[in-house]
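The values are calculated or read from the model by the stated rules, or taken from the named source; none is laboratory data. Quantities reported herein were computed from a predicted structural model and do not represent experimental measurements. Please note: Cβ atoms are built from the backbone with ideal geometry, for glycine as well, and neighbour counts cover all protein chains shown. Ligands, DNA and RNA are stripped out before the accessible areas are found, and what is left, the full protein with its side chains, is counted by its heavy atoms. Shrake-Rupley method; radii C 1.70, N 1.55, O 1.52, S 1.80 Å.
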Amino acid sequence: GLILDGTVNAIIAGSKVGKSYFLEEMLFCVENRIPWQRRECTQAHCLLVDYELTKAKVQKRCMKLMEKYQTIYPDRELKMFDICLMVDNWQKQSVDSILRAIKQYKEKNPETKLIGLDPFYRFFDGDNENDNVQVGDCIGKIAGYKQYGLSFIYSHHASKIGTKEKDPFLACAGASAHSRIVDQAFGLMPKNSDDIYQGVKVTNKGREDNGGFSLSRDEWGFFKIDEEEEIRNPMNEKVANLIKKYLS
């Protein structure tokens with residue numbers, strides 16, 4: 001009900017807020033068809049193209065994911081999504097070459113539907129993130145690959161001012177082309193020093209505030225629903241209204 005087929009999506013947040021954790025957990029839930037933040041997922045094979053983590057770090061992150069969800073679902077056989085590490089050669093790769101590789105991967109793995117790209121500034125092959133033409137060209141190339149039955153979700157940093165914005169599209173750093181091409185954005189906004197989040201603001205292309213929900217970090221470093229906030233403002237009602245609004 002949040003990420004639709006054939007869309008380009010963004011995760012917008014400040015430094016160290018948890019963009020990568022948020023993305024990885026989402027891909028893991030979709031890969032295994034287990035609820036993501038209490039939402040049922042449609043199963044699909046996922047690929048993460050990661051431009052930051054080393055092999056050792058990604059192994060540690062994967063172990064944390066498996067440990068968390070094996071604790072929650074002890075009787076389930078769980079598997080990781082596929083990961084392509086780019087940390088050693090990201091400067092040598094263009095967006096075009098990465099997208100061609102993703103297309104080839106899709107041809108060999110036709111069940112693949114969701115591609116994660118983390119983070120934007122490392123696969124952006126222009127020289128100015130504030131240039132609408134360059135940013136628009138980069139995201140436009142990604143959007144062009146929706147025709148192969150793929151959806152994309154990438155992480156991007158918020159500006160210093162944008163960390164207080166409720167609209168993720170207004171919070172993102174650099175050019176406004178993100179809001180013109182991206183179908184939907186998730187905004188992670190810190191609430192206070194206790195590491196509680198104001199919520200994930202789901203915003204459609206029209207930049208309407210469709211609500212959100214509060215998250216906190218769990219013992220594995222990933223995310224969980226903030227129970228006290230959930231009691232005060234139930235998420236399911238917000239999601240139902242969001243879906244009705246989106247489909248109308």
Counted residues, segment 63-86 - those being in contact with a Leu (Cβ under 9 Å, 6 or more places away or on another chain) and among the acidic types (Asp, Glu): 1
Residues of segment 80-93 classified as surrounded by fewer than 11 Cβ atoms within 10 Å (Cβ to Cβ), assigned to a helix (DSSP H, G or I) and of a type outside the set (D, E, K, R), total: 1
Unmet criterion (only one of (1) basic (Lys, Arg); (2) touching a strand residue (DSSP E or B) at 6+ places or on another chain (Cβ under 9 Å); (3) surrounded by fewer than 18 Cβ atoms within 10 Å (Cβ to Cβ)) for LYS60: (2)
Checking ARG122 against (1) of a type outside the set (Val, Ile, Thr); (2) under 27 Å from ALA177 (Cβ atoms); (3) under 18 Å from the mean Cα position of the chain (by Cα); (4) open to solvent by less than 50 Å² (accessible area, probe 1.4 Å), the condition it does not meet: (4)
Any hit, segment 95-111, residues being touching a residue at least 60 places away in the same chain (Cβ under 8 Å), within 20 Å of ASN9 (Cβ to Cβ), under 18 Å from the mean Cα position of the chain (by Cα) and surrounded by 14 or more Cβ atoms within 10 Å (Cβ to Cβ): no
Conditions (1) open to solvent by 10 Å² or more (accessible area, probe 1.4 Å); (2) of a type in the set (A, V, I, L, M, F, W, C); (3) within 22 Å of HIS178 (Cβ to Cβ); number of the one not met by CYS41: (3)
Options GLU52, GLU67, GLU77; residue that is part of a loop (DSSP other than H, G, I, E, B), closer than 23 Å to LEU188 by Cβ and open to solvent by 20 Å² or more (accessible area, probe 1.4 Å): GLU52
Breaking point among (1) modelled with pLDDT of 60 or more; (2) open to solvent by 60 Å² or more (accessible area, probe 1.4 Å); (3) acidic (Asp, Glu); (4) closer than 30 Å to MET63 by Cβ, for ASP195: (1)
Conditions (1) modelled with pLDDT of 95 or more; (2) open to solvent by 60 Å² or more (accessible area, probe 1.4 Å); (3) not hydrophobic (A, V, I, L, M, F, W, C); number of the one not met by TYR145: (2)
Enumeration of residues in segment 24-71 that are within 13 Å of the chain's Cα centre (by Cα) and within 14 Å of ASP82 (Cβ to Cβ): GLU24, LEU27, PHE28, VAL30, CYS46, LEU47, LEU48, VAL49, ASP50
Selection within segment 1-49 - touching a Gly at 6+ places or on another chain (Cβ under 8 Å), within 29 Å of ASP75 (Cβ to Cβ) and not in a helix (DSSP H, G or I): GLY18, ARG39, CYS46, LEU47, LEU48
